[in-house]
Amino acid sequence: APKPTVTFNRDADGNAVLTCDIGNRTDLTVSWNKEDKIIQNDKNPQLFLTSAQ
């Protein structure tokens, strides 16, 4: 099975979007962590970070 891939995009204001591409894999979920704490745990493969974060 293909491995998930993560991409990173940043806009001119310093905000960032992380995207985890899991393809059509329904057996996987995406959890975003910061310093060992879950900051977003749902089926959304994208995480938006402001420059203040």
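Nothing in this text is a laboratory measurement; each read-out follows from the coordinates by a stated rule. Worth saying up front: this structure is predicted, and the values here are computed from it rather than measured. Cβ: placed from backbone, ideal geometry, glycine included. Neighbour counts: every protein chain shown.
Other residues whose C-beta falls under 14 angstrom from the C-beta of residue 3 contribute a net charge of -1, scoring Lys and Arg +1 and Asp and Glu -1. Simple point charges give the picture: +1 on the Cβ of Lys and Arg, -1 on the Cβ of Asp and Glu, and for the chain a dipole about the Cα centre of about 120 debye.
Annotation: extensible slack from residue 26 through residue 6 equals 5.5 nm (criterion: 0.36 nm per residue apart, minus Cα-Cα distance).
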